[in-house]
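The values are calculated or read from the model by the stated rules, or taken from the named source; none is laboratory data. Just so you know, these numbers come straight off a predicted model, no measurement behind them. With ideal geometry, Cβ positions are generated from the backbone for all residues, glycine too; neighbour counts draw on all protein chains shown. Areas reflect the complete protein model, heavy atoms only, side chains present, ligands, DNA and RNA absent. Shrake-Rupley method; radii C 1.70, N 1.55, O 1.52, S 1.80 Å.
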Amino acid sequence: MEIMDIKKILKFYRGKRILITGHTGFKGSWLSYILDYVGSEITGFSLKPNTEPSLFKSLNFTKKFNSIIGDIRDKDKLREIIKNFKPEFIFHLAAQPLVIESYQNPKDTFDVNFTGTLNLLEILRELNLSVQVIFVTTDKVYENLELGVPFIETDKLGGKDPYSASKAASEILIDSYNKSFFKDSNINIASARAGNVIGGGDWSQHRLLPDIIRSCFENSELVIRNSNSVRPWQHVLDPILGYLDLARKLSINPKVFKGAWNFGPNEKTPISVNDIIDIFKTKQELSNIKIEDDRSNKESKYLQLDISKSKTILNWKPRWSSEIAVEYTIKWYTQFYKNISANQLIIGDLKKYLK
């Protein structure tokens, strides 16, 4: 993707009415702040931030940014918001995003991830809108037989753990509504399957980079559960720019851009948890580590995405390698803990990305 393309994407959203569900989460906060920064008219609908610190609470938005606290399972509230706001674009990020949490609370995970998606689809079916919708799911929607092969969008969906299963079920649901109800309508839908997203401002539990950051800056023990697991690590700006360009092109040529899209890193050599830790050690002192590999096999060992479709048809490609993503993530947190504002840090990373 050329530099001018990125600027064109951001300029396109100036003045556009955009609904973002899950806007208080990690990716939702980055997406919300960037769109607010470029002049979009945004309504966010989400639960209260559930981490401390919180990226969303650390950011200062413009006065026109409309943040509504609510639950994606509240269909009536969501319908009221959409009916009154009449968004031109919807980015659906609201989710229960953690595998470990899904084992502890499987019903809540399915209620949020599947029924929340169903609520939005039903509201779109009921209302006569002209809108582009991006459903953000996950790289974990594929049936993973641990074959060591990157997944393409047409591979079989599945999910051993409740989180993955809830997201795979949502993908089937989205595809069904797309083909059954929205085939010849003004409602254009695509789903985005992103890899393991890292970047400044994520303080979630049971995620590698936030766990490492807590170990560094809060002197807590770093427990590594799956040291040899391989994941498609990528900086948060890469998929966010992908989502934005996908929605923009969906509005121009829906026949081409409907459907599922993978967003992942460009790595030819897959990167493991151990590799991430080694990269981190070259940038920051890291000592209080406890390797506690999970032998229950609750999470996939190898997971990579084939991004050929996004590169050739969408003309999207990741700009930062996994190593650079880790480096910029460390810098973000280091500066944040030195009291540099989250606003400055996000804009700083965006400017580096544009270069």
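Side notes on the structure shown:
- Index of the failed condition, residue 162 passing every other in (1) modelled with pLDDT of 95 or more; (2) in contact with a Leu (Cβ under 9 Å, 6 or more places away or on another chain): (2)
- Within the stretch 123-142, residues that are assigned to a strand (DSSP E or B) reach partners that are open to solvent by 20 Å² or more (accessible area, probe 1.4 Å) and not aromatic (Phe, Trp, Tyr) with beta carbons closer than 6 Å, at six or more positions or on different chains, in the pairs 132/251; 136/93; 142/155.
- Some residue of the stretch 43-53 being without any contact (Cβ under 8 Å) to a residue 40 or more places away in the chain and open to solvent by less than 30 Å² (accessible area, probe 1.4 Å): yes
- Qualifying residue in the stretch 315-323 (condition: assigned to a helix (DSSP H, G or I) and open to solvent by 40 Å² or more (accessible area, probe 1.4 Å)): yes
- Of all positions in the stretch 62-83, at least one carries a residue that is within 23 Å of residue 127 (Cα to Cα), among the small types (Gly, Ala, Ser) and open to solvent by 30 Å² or more (accessible area, probe 1.4 Å).
- Close contacts from the stretch 71-87, counting a first residue that is under 20 Å from residue 113 (Cα atoms) and a second that is open to solvent by less than 90 Å² (accessible area, probe 1.4 Å) and in a loop (DSSP other than H, G, I, E, B), with Cβ to Cβ under 6 Å and a gap of 6+ residues or different chains, come to 72/94; 77/70.
- Which numbered condition residue 188 misses (of (1) touching a Phe, Trp or Tyr at 6+ places or on another chain (Cβ under 7 Å); (2) modelled with pLDDT of 95 or more; (3) not hydrophobic (A, V, I, L, M, F, W, C)): (1)
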